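Asker: Got a structure here, written out as structure tokens. Questions coming.
Readers should treat all values here as calculations from the given coordinates under stated rules, not as data from a laboratory. As the structure is a computational prediction, the values presented were derived from the model and not from experiment. Using ideal geometry, Cβ is built from the backbone for each residue, glycine included, and neighbour counts are taken over all protein chains shown.
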Amino acid sequence: MKTTFAVLTATSVLALATATASAETWDMPMAYSASNFHSANGAEFARCVTLGTGGELEMVTHPGGSLFKGNEIKRAVQTGQVQIGERLLSAHQNEDALFGVDSIPFLATSFEDSIDLWDAAKPEFSQLLDSQNLHLLYSVPWPPQGLYFKREVDAVADMEGIKFRSYNTATARLAELTGMLPVQIEAAEISQAFATGVAESMISSGSTGYDRKVWESLTHFYEVDAWLPRNYVFANKQAWEGLDEATQNVVNGCASLAEYSGYWRSVQYTEFTLGELAANGMVVQPAGNGLKAELEEIGETMTAEWLESAGETGARIVDAFKASR
Ligand code: PCA
């Protein structure tokens with residue numbers, strides 16, 4: 001009797017140990033607010049993985065920079081502090097020009113363009129990320145980028161000396177070329193920056209303006225459709241390779257679904273958020289022809305600068321993108 005009990009106990013302990021060893025939790029830091037469509041989409045992705053693996057791989061998102069701040073996420077995943085994360089692709093342009101391919105003014109200005117540019121760039125990115133100990137899973141574009149101000153702006157000359165919130169290398173360069181003063185601030189912190197006057201202007205989507213209620217400080221949104229920057233979701237390479245094939249298949253399936261559904265969320269969110277900016281008292285309108293022409297000229301300068309720094313790989317991507325149009 002005693003022996004049977006001992007054997008049973010040993011067996012159940014072993015079963016429990018096996019279950020604990022195979023069930024894993026992956027934490028997924030994200031930089032943008034929980035209500036943002038990227039974060040909502042990421043939460044669905046995480047649920048898909050948890051459900052699809054029967055809980056063997058539980059994925060938990062941490063939006064709003066709560067686990068790691070936006071500018072810490074990539075390093076945290078590379079070094080294995082967390083297994084997976086989401087970040088703005090172009091935030092890493094200072095590491096390699098390739099990361100800025102989606103922020104070249106007026107190269108890819110619509111959702112359709114954004115897909116074609118991503119198709120052209122994806123193989124190069126997978127390789128680059130692999131060399132950085134990362135595994136690319138999926139990517140979703142933000143809505144088209146427009147200019148926010150506290151007053152009417154009809155020409156680049158009107159921007160002289162304005163404090164401009166930047167979020168990557170391209171936005172900081174745009175500020176310089178328009179005579180504004182760039183200050184780099186994460187989206188999670190912009191409401192405060194605008195309220196305190198640290199920044200008075202930015203280029204971003206209607207989505208971020210809506211998420212951060214910028215109508216409390218800003219008055220004008222000019223639709224420029226300058227580019228559609230992307231977020232991307234990536235895993236630590238060892239963590240990825242440590243998953244068995246069946247689990248990887250589930251994650252890949254959920255990633256494809258997230259890329260697709262995230263894209264549509266972004267499309268739908270564009271009109272909704274611009275409507276909300278207007279409903280909250282902002283002037284929302286296309287940039288005037290004069291301003292647009294001036295910005296396009298600046299775009300040409302920035303395109304040339306990017307091509308110069310991105311070398312042959314950059315040229316190959318841009319050529320492949322143009323050929324697909
Ligand atoms: N929102 C993010 C990046 C691009 C966008 O539309 C931001 O402003 O930080």
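Asker: Dipole of the range 149-240, Cα-centred, from +1 at each Lys and Arg C-beta and -1 at each Asp and Glu C-beta, to the nearest 20 debye?
Answerer: 400
Asker: Given the DSSP H assignment, sum -39500 (n - 2.57) over each helix run of at least 4 residues in the chain and divide by its residue total; what's the result at 222 nm in deg cm²/dmol, nearest 500?
Answerer: Computed mean residue ellipticity for the chain: -16500 deg cm²/dmol.
Asker: Also: About its Cα centre, what dipole magnitude does the range 122-203 give when the only charges are +1 on Lys and Arg Cβ and -1 on Asp and Glu Cβ, stated in debye to the nearest 20?
Answerer: Charge dipole of the range 122-203: 100 debye, to the nearest 20.
Asker: At what distance in angstrom do the alpha carbon centres of the range 68-104 and the range 245-275 lie from each other?
Answerer: 19
Asker: Can I ask one more? Residues with amide H under 5 Å of Trp26's amide H, sequence separation 5 or more or different chain, H placed in the peptide plane at 1.01 Å from N; which?
Answerer: For Trp26, the qualifying residues are Glu58, Met59, Val60.
Asker: With the Cα gyration tensor of the range 226-313 giving a ≥ b ≥ c as the square roots of its eigenvalues, does the rule (a/c under 1.5 for rounded; else a/b larger than b/c for prolate; else oblate) give rounded, prolate or oblate?
Answerer: Oblate shape, in that a/c is at least 1.5 and b/c is the bigger or equal ratio.
Asker: Can you tell me which of 253-259, 301-307 comes out highest on packing, and rank the rest after it, using the mean Cβ neighbours within 10 Å?
Answerer: Peptide ranking by packing, descending: 253-259, 301-307.
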